[in-house]
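> Below is a structure I'd like to ask you about.
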């Protein structure tokens with residue numbers, strides 16, 4: 001039986017229990033403006049030829065060195081953004097119960113988060129940050145303004161929720177997803193606050209903890225090591241998964257002195273296994289654009305992804321993968337099937353711009369050729 005059939009059968013057998021699962025997700029929040037860079041304009045509105053690749057965009061900028069240039073960014077849409085809100089939106093589409101804590105607007109919730117607030121319990125700590133997402137056929141360039149995220153601290157969480165309220169949310173959660181470490185300056189301190197002041201007071205949770213670093217390139221190696229050490233300590237209170245794209249896996253590997261190979265299946269499995277062993281956590285998952293691998297106590301797994309050369313949207317694809325993989329874990333699927341729910345959640349999203357339901361993931365799996 002191939003992995004698609006196996007995952008489809010498992011998903012059909014267990015999907016009905018998902019509505020009982022509860023997730024606590026945070027802590028960022030962005031308003032994303034999706035734009036296309038204009039290469040050659042031939043008329044008004046969308047009458048233009050785009051700059052299609054990051055390479056061409058970079059060359060345009062390099063050619064302006066010592067001079068200047070003007071690049072038009074054609075707006076496509078404003079949407080809910082940030083690793084946490086996008087992952088939360090995908091989990092809600094799957095059918096989970098959810099509490100979101102993060103930067104959604106103060107004193108009022110920003111309109112782009114209204115659909116999230118209508119379906120989940122939300123606690124907003126500060127105003128959202130803003131990202132201009134420049135999308136290309138071979139990647140994306142994220143230009144962020146994120147000063148508001150400085151206000152997300154352990155103290156500000158307690159001020160909004162109270163220690164008892166925060167503890168109650170943690171105790172009720174089957175999944176605790178704390179994402180976008182890189183862009184939240186006080187995230188490591190928040191990790192330590194939870195580890196030292198809240199979690200030890202709770203009965204052993206048995207919850208799953210999911211962490212996504214979100215491209216730590218701009219943070220120092222020492223900062224990254226400190227964060228990874230704190231993430232590993234959550235294993236005392238549940239089962240920890242660290243989700244990484246390929247670039248992030250290389251960055252974490254460099255910080256920990258772990259060799260990371262290429263993007264082929266055996267190399268990805270070896271990378272995930274080595275990082276898991278080094279961190280001593282339950283699972284590490286590595287997902288390049290065209291495949292995904294993970295390592296758990298049950299062993300390692302790899303599957304190809306349903307890669308498309310013409311995605312409708314790419315911003316948020318990784319967050320949808322994270323939601324799909326976490327959903328598979330909550331349903332008790334085997335590692336290979338968790339990878340399948342991850343790549344199908346992402347695959348549906350990049351083709352349609354919509355977060356899929358579990359039924360739509362089943363359909364995607366059934367039709368995947």
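> At q = 0.26 Å⁻¹, work out log10 I(q)/I(0) for region 126-212 with the Debye formula, treating every Cα as an identical point scatterer and leaving solvent out; two decimals please.
-1.39
> Now for a separate question. So if R0 is 25 Å, what FRET efficiency would residue 147 and residue 217 give, r being the distance between their Cβ atoms, rounded to the nearest 0.05?
0.85
> Moving to a separate point now. Taking a cut-off of 18 Å, what percent of all Cα-Cα pairs in region 260-369 are separated by more than that?
Tail fraction, whole percent: 45.
> Can I ask one more? Largest first, please: the extent of the C-alpha atoms of the chain along each principal axis, to the nearest Å.
64, 52, 43
> If r is the Cβ-Cβ distance from residue 192 to residue 42 and R0 is 35 Å, what FRET efficiency results, to the nearest 0.05?
The formula returns an efficiency of 0.05 here.
> So how do 186, 94 line up by other beta-carbon neighbours within 10 Å, fewest first?
So the residues, fewest neighbours to most, are 186, 94.
> Right, here's the next one. I'd like the distance between the alpha-carbon centres of region 116-164 and region 227-257, rounded to an integer number of Å.
21 Å
> Then there's this: Going out from 0 in 5 Å bins, what whole percent of all Cα-Cα distances in region 226-321 drops into each bin?
Spelled out per bin, shortest first, that is 2, 14, 25, 23, 18, 10, 5, 2, 0.
> Let me ask something else. Expressed as a whole number of Å, what is the distance separating the alpha-carbon centroids of region 170-203 and region 291-369?
Region 291-369 and region 170-203 have Cα centres spaced 26 Å from each other.
> Multiply the residue separation of residue 226 and residue 156 by 0.36 nm, subtract the distance between their alpha-carbon atoms, and state the gained length in nm to one decimal.
23.0 nm
> Within region 204-238, name every residue whose backbone N is under 16 Å away from a label modeled 7 Å from Cα of residue 14 along the Cβ vector.
Answer for this model: 207-209.
> Here is a follow-up. Considering every pair of different Cα atoms, what Kirkwood radius, in Å, is found for region 1-102?
Evaluated over region 1-102, this radius sits at 17.8 Å.
> For a quick size check, give me the Cα extents of region 283-344 along its three principal axes, largest first, whole Å.
Answer, in whole Å and largest first: 35, 19, 15 Å.
> Moving to a separate point now. At a Förster distance of 30 Å, what's the computed FRET efficiency of residue 78 paired with residue 168, Cβ-Cβ distance as r, to 0.05?
With R0 = 30 Å, the Cβ-Cβ based efficiency is 0.35.
> Suppose we take every Cα in region 97-156 and form the convex hull; what volume per residue is that in Å³?
In region 97-156, the Cα hull volume divided by residue count equals 124 Å³.
> What is region 130-276 by shape, rounded, prolate or oblate, if you read a ≥ b ≥ c off the alpha carbon gyration tensor as root eigenvalues and call it rounded for a/c under 1.5, prolate for a/b larger than b/c, and oblate otherwise?
Judged from the Cα gyration tensor, region 130-276 comes out oblate (a/c at least 1.5, b/c at or above a/b).
> Moving on to the next point. Work out, step by step, the length gained on full extension between residue 118 and residue 357: first 0.36 nm times the residue separation, then minus their alpha carbon distance; give nm to one decimal.
Here the segment from residue 118 to residue 357 would lengthen by 84.3 nm.
Read-outs throughout are calculated quantities, based only on the coordinates presented, and are distinct from any laboratory measurement. Just so it is clear, the model here is predicted, and its values are computed rather than measured. FYI the Cβ positions are ideal-geometry reconstructions off the backbone, even for glycines, and counts take in every protein chain you see.
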